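Reading through the structure tokens given below for one structure.
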Amino acid sequence: MNAGKIAFLSITMLMISACSGLVPAATPTPTADRAATAVAQATQDAQSTERIQATVEAVQAAAAAEVTEAAMTKAATTPTLRPMRVTETAQAEQASGIVESLFDAGYISTTKGENLPLDRFFDQVAKINYFYWTYMDYAPSDFVFRADLEWQSASDVANWFNSGCGIVFREDGIGENFYVVFLNLDGTVELMSWQNDVRQEVVNEYYGRLDIPDGEGELIVTAEGDHIQVFVNSKLVVDVRDTRHTEGEFALTVISGTNKGFGTRCTFDNITLWELDVEE
């Protein structure tokens, strides 16, 4: 997999109060109708989460069995084994299952499209309040992205609001116009827009406490026209509409809240990138 060129930005301006955005809005006292609606929504969300997780686990198990069988066959004919990769077929099956689960739950309007294969990805940044991204050589305007994330920080007292893993999408190829989503280690999801090299925050939502300085989690992002959604551990956290960017490159990104040692590390594993075929 050719990771393509790398771009980076200083984001000192991203340093915000560590307390901002951490308290969810107050919930109105439920009426009988509201309570029934809440129960129905919670049931739908739980079923969607179970379907997504079941799909991932089933396909990973099938992929592992496929790799094991292939390795055994190869071992019978050659004395030296090389590391074997999960096939694109298994990856496409995983992607298709996740897309169908999101469609069944009403989060996306179509399952039409194609899998864009991506390998496991690792990167690290050791410059405080900086992030950069690595192009994946794809440019889907509308897509479903999913990955298992693992992160490490070299500091126990990093700027957690500027530490994390994420994606850049609809990027203009020169780093001046794009969206970026970060799963920040302070417990927030941040969706930002860059327009003519100027940062604009779209939304910053609290999703829950994470393990720091080391931890793991699941990130799902859907982009369909002006509709952008972000899920953490299969829970919907961000659901917005924004029209600032419509097309461009796709990339994986790491942001560091420390310059100590290796800074911040991110590993993206079991990646799904499904380009949606959205009818105009």
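Points to keep in mind about this one:
- By the count of neighbouring beta-carbon atoms within 10 Å, fewest first, T253, T134 end up ordered T134, T253.
- Kirkwood hydrodynamic radius of region 210-280, from the reciprocal of the average inverse Cα-Cα distance over all distinct pairs: 14.9 Å.
- One chain, two ends: E100 and V198. Fully extended at 0.36 nm per residue, the span grows by 31.6 nm beyond their Cα-Cα distance.
- 3J(HN,Hα) along region 216-226, derived from phi through the Karplus expression 6.51 cos²θ - 1.76 cosθ + 1.60 where θ = phi - 60°, amounts to 8, x, 10, 10, 10, 10, 10, 9, 9, x, 8 Hz, with x in place of Gly and Pro.
- Extended-chain gain in nm, criterion 0.36 nm per residue less alpha-carbon gap, H227 and R244: 5.0 nm
- Model label zone, K127; criterion: amide N under 17 Å from point 7 Å along Cα-to-beta-carbon; scope region 163-192: 163-164, 174-176
- Least to most buried among S155, S101 (fewest other Cβ within 10 Å first): S155, S101
- Between amide H atoms placed 1.01 Å from N, distances below 5 Å from V278 occur with no residue 5 or more places distant or on a separate chain.
- Simple spin-label estimate for Y138 and F262 in nanometres, 7 Å along Cα-Cβ: 2.6
- Between the C-alpha center of region 212-257 and that of region 103-162 there is a gap of 7 Å.
Bear in mind these aren't lab numbers, they're just calculated from the coordinates by the rules spelled out. Fair warning: this is a prediction, and the values are worked out from it, not measured in the lab. All Cβ positions, glycine included, derive from the backbone under ideal geometry; neighbour counts span all protein chains shown.
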